[in-house]
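Any read-out appearing in this document is the output of simple, stated calculations on the displayed coordinates, not a laboratory observation. Remember, predicted model here, so these are calculated numbers, not experimental data. Cβ coordinates were reconstructed from backbone atoms using ideal geometry, including for glycine residues, and neighbour counts include every protein chain displayed.
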Amino acid sequence: MSVLIYAEIAKGKIKKSSLEAVNYGSRIAAQLNTTAVAVVIGDGDISDLGKAGAQKVLKLKNDKLAALDPFYLTAAIEQAAAAEAADVIIFSHDFTGKAIAPRVAAKLKAGMVAGAVDNPVISGSSFTVKKNVFSGKAVAVYSINSLKKVISLLGSSFPIVLTDNTAEVVDFAVNLDSLNSPVKIKEVKQDTTELNLSDADIVVSAGRGLKGPENWGMIEELAKTLGAATSCSRPVADMHWRPHHEHVGQTGFAIRPNLYFAIGISGAIQHLAGVNGSKTIVVINSDKDAPFFKSADYGIVGDAFEVVPKLIQAAKNFKANQN
Amino acid sequence: MKILVCISNVPDTTTKISFTNNDTSFNSAGVQFVINPFDEWYALVRALELKETIGGSVTIIHVGAADSDPTIRKGLALGADDAVRIDAEPSDAFSVAEQIAAYAKDKNFDLIMAGKETISYNSSMVGGMLAELLNLPYISMATKLDITGTTAAIEHDIDGGTEVVECSLPLVLSANKGMAEARIPNMRGIMAARTKPLVVIPAAAADKLTNIISYQLTAGRTDCKYVDAETPEKLIELLHTEAKAI
Ligand SMILES: Cc1cc2nc3c(=O)[nH]c(=O)nc-3n(C[C@H](O)[C@H](O)[C@H](O)COP(=O)(O)OP(=O)(O)OC[C@H]3O[C@@H](n4cnc5c(N)ncnc54)[C@H](O)[C@@H]3O)c2cc1C
Ligand SMILES: Nc1ncnc2c1ncn2[C@@H]1O[C@H](COP(=O)(O)O)[C@@H](O)[C@H]1O
């Protein structure tokens, strides 16, 4: 028996969401008295996998895996799970996780919970797992009844814990000879923003209150000062003031940063649905009755065009004093 | 082009959520149900646009009880040709996928579309499971879709960017924002929907691998602490010392 965790490398290092998944999987493995095995594709520094709790790392080897095509990945993970006798498989609930975890679950006839927010409660062969439902308005407790189980973990649900453990690393040759994916990748467009929205600890978001795209300079500057990513409300993306991948909310990205700034955003329920999992929320709005203040931890009632420049200055002073 | 669009029936986005039976069931009393926005705005509308330009048919499929029929009729009013409702309780993603797969497996659909996720259970699972059960490629989070002959050109979201792919039909995809603009059904569509076929078929054998034991409302935030607009440095200080967020 083992717990298998799918991990990814980005920019030469293990992704933050993967470290969360490995931490999560290793906690489950400890409860089950079994081994946490991470699987990873490609080259990079994978020492963090051991530090995050994996006892063993399988480097999946097959040229067809390079493009991370779910068609091949599903088969590769199935083979790794069979070799390691894994009954529990953990993914991150990110785009790759959403593309492959359900396929793997269906292939293995494993009950799946997508977007878990807490450690499973294990009793015998049954797991109960919490996940957010109704766009964060509630939590549901699921029980997984099947022998095999797939869980994908919602990002930023747990702080990452790294120790000085090391994992045994072995190559694992995957056989994909009989498979030929009909999917041809024509082009990959990387986001130009430096910081990935879903990985960001701090997000600075602005809405229609900013009046036009030409006013985003101060939003970007505040973000840069704080080491934050930027996002926006839906109308802002719809009007093409900002790229669509910045749109957060029910129909956009759901994010859960440590700190979320909402500037000139009214706080419509569909917007909140994508951000109310943030640990701390700061709202800056000229209307003291803006609904967002009801969901905020800190608020400033004021004109963004006056408040934000002052805030940038204050943040710069703070950063300068820290160094 | 034969297109199948999977639609789910969800509480309207502004619904105030509550639970009954000791927090074990969703309280649907007084709740307005709608087609899941991703299924409607993005999957169904794009399917209709494709049908309008290259011909073919659009069938909508739903797994659920008769109380979903008004939602299904709305899909017909928007322009779908016919609808299928599989009379089963849609409580587990895998069993929903099995039901749809059992129906679709011998119908030769060129394209099967799901939404990115339901706004009720937010799982993003049914499309991928369906693709696996039908042994078809699955392109998740599609934001653009064009069909030329038997090839689909799709742009979709991946971690850290977007990817442009080409894939031969048939395939399964999940639809994300960008695929199409929302439409509103017109009077003619609404009238026509009344007589379009809505076939109800009995549930197939399916495996329920998960179930929901209980619900809990998410705790709201404690009162907002206000900082004067003239002294934003006070906010920075609070974020540092109190919230420990910077
Ligand atoms: C099915 C559905 C799904 C949706 N999904 C999403 C979603 O995913 N994400 C999303 O964001 N929305 C979504 N919406 C739209 C949502 O309902 C709101 O319309 C939207 O969030 C409003 O965006 P906003 O707050 O930027 O703009 P507005 O509502 O126009 O608010 C602008 C705010 O800026 C403030 N303001 C104005 N001037 C200033 C100033 N100088 N300084 C400071 N503040 C100022 C105003 O007081 C106001 O509160 C959805 C709607 C529906 C029906
Ligand atoms: N009961 C259902 N009937 C038909 N399609 C469904 C049903 N539930 C979910 N789907 C489809 O699967 C998508 C993803 O749903 P989910 O996996 O529940 O987040 C939805 O957007 C729908 O397209």
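Assign unit charges at the C-beta atoms only (+1 for Lys and Arg, -1 for Asp and Glu), then state the dipole size of chain B relative to its Cα centre in Debye, rounded to the nearest 20.
Working: 21 positive and 32 negative charges, 159 e Å.
Here chain B has a charge dipole of around 760 debye.
Based on the Cα coordinates of the range A:31-167, what is the per residue volume of their convex hull in Å³?
On the way: hull volume 16.2 nm³, N = 137.
Hull volume over Cα atoms, normalised by residue count, gives 118 Å³.
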Legend entry - Residue-wise HN-Hα coupling along the range B:43-58, computed from phi with Karplus coefficients 6.51, -1.76, 1.60 (Hz; x: Gly, Pro): 6, 5, 5, 5, 4, 5, 4, 5, 4, 5, 8, 10, x, x, 9, 10
Legend entry - Share antiparallel - DSSP beta bridges, the range B:2-218, percent rounded to 5: 40
Legend entry - Distance violations [Cα-Cα > 29 Å] among A:K130/A:K224; A:K98/A:K137; A:K131/A:K184; A:K61/A:K184; A:K16/B:K16: A:K130/A:K224; A:K131/A:K184; A:K16/B:K16
Legend entry - For the range B:53-121 and the range A:221-263, distance of Cα centres in Å: 33
Inset, instruction - Show the residues, 5+ positions off or on another chain, whose built amide H is closer than 5 Å to the amide H of B:A203. - result: B:D87
Legend entry - For the range A:28-40, 3J(HN,Hα) per residue [Karplus equation, 6.51 cos²θ - 1.76 cosθ + 1.60, θ = phi - 60°, Hz, x = Gly/Pro]: 5, 4, 4, 5, 8, 6, 9, 9, 9, 10, 9, 10, 8
Inset, instruction - Would you mind finding the longest exposed-site-free stretch of chain B, with exposed GluC sites (Glu not before Pro) meaning DSSP loop and at most 15 other Cβ atoms within 10 Å? - result: B:1-180
Legend entry - Where labels lie 7 Å past Cα in the beta-carbon direction, separation of B:T14 and B:V200 in nm: 3.1
Inset, instruction - For the range A:170-288, calculate the relative contact order in percent as a whole number, restricting contacts to Cα pairs under 8 Å that are 6 or more residues apart. - result: 24
Legend entry - Max mean-square fluctuation residue, GNM over chain A, Cα-Cα springs under 10 Å, options A:V169, A:V183, A:V39: A:V183
Inset, instruction - Quick one: compute a quarter of the convex hull surface over the Cα atoms of the protein assembly as shown and quote it in nm². - result: 26.0
Legend entry - aspartates and glutamates with Cα under 14 Å of A:K319, excluding same-chain neighbours fewer than 8 positions away: A:E221, B:E233, B:E237
Legend entry - Max mean-square fluctuation residue, GNM over chain B, Cα-Cα springs under 10 Å, options B:L145, B:L76, B:L217: B:L217
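Only Cα pairs under 8 Å and at least 6 apart count here; give the relative contact order of chain A as a rounded whole percent. Walk me through the intermediate numbers first.
Details: 685 pairs, mean separation 44.9, N = 323.
14 percent.
Calculate the all-directions average of the projected area of the range A:253-323's alpha-carbon convex hull, and give it in nm². Each step should come with its number before you reach the end.
Values: hull surface 20.5 nm².
Mean shadow area of the hull around the Cα atoms is 5.1 nm².
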Inset, instruction - State, as an integer percentage, the relative contact order of the range A:5-128 based on alpha-carbon contacts under 8 Å between residues 6 or more apart. - result: 24
Legend entry - Among A:G155, A:G217, A:G53, residue whose mean-square fluctuation peaks in a GNM of chain A (springs only between Cα atoms under 10 Å): A:G217
Inset, instruction - Can you bin chain B into rounded, prolate or oblate? Criterion: square roots of the alpha carbon gyration tensor eigenvalues sorted a ≥ b ≥ c, rounded for a/c under 1.5, prolate for a/b above b/c, oblate for the rest. - result: prolate
Inset, instruction - Take every DSSP beta bridge with both residues inside the protein assembly as shown and express the antiparallel ones as a percent of the total, to the nearest 5. - result: 35
Inset, instruction - Starting from the Cα of A:T163, step 7 Å along the direction of its Cβ; do the same at A:N215; then give the gap between the two resulting points in nm. - result: 5.2
Legend entry - Global form of the range B:98-168, assessed from the alpha-carbon gyration tensor, a/c cut-off 1.5: oblate
Legend entry - Overall Cα dimensions of the range A:122-242 - principal axes, largest extent first, Å: 56, 41, 37
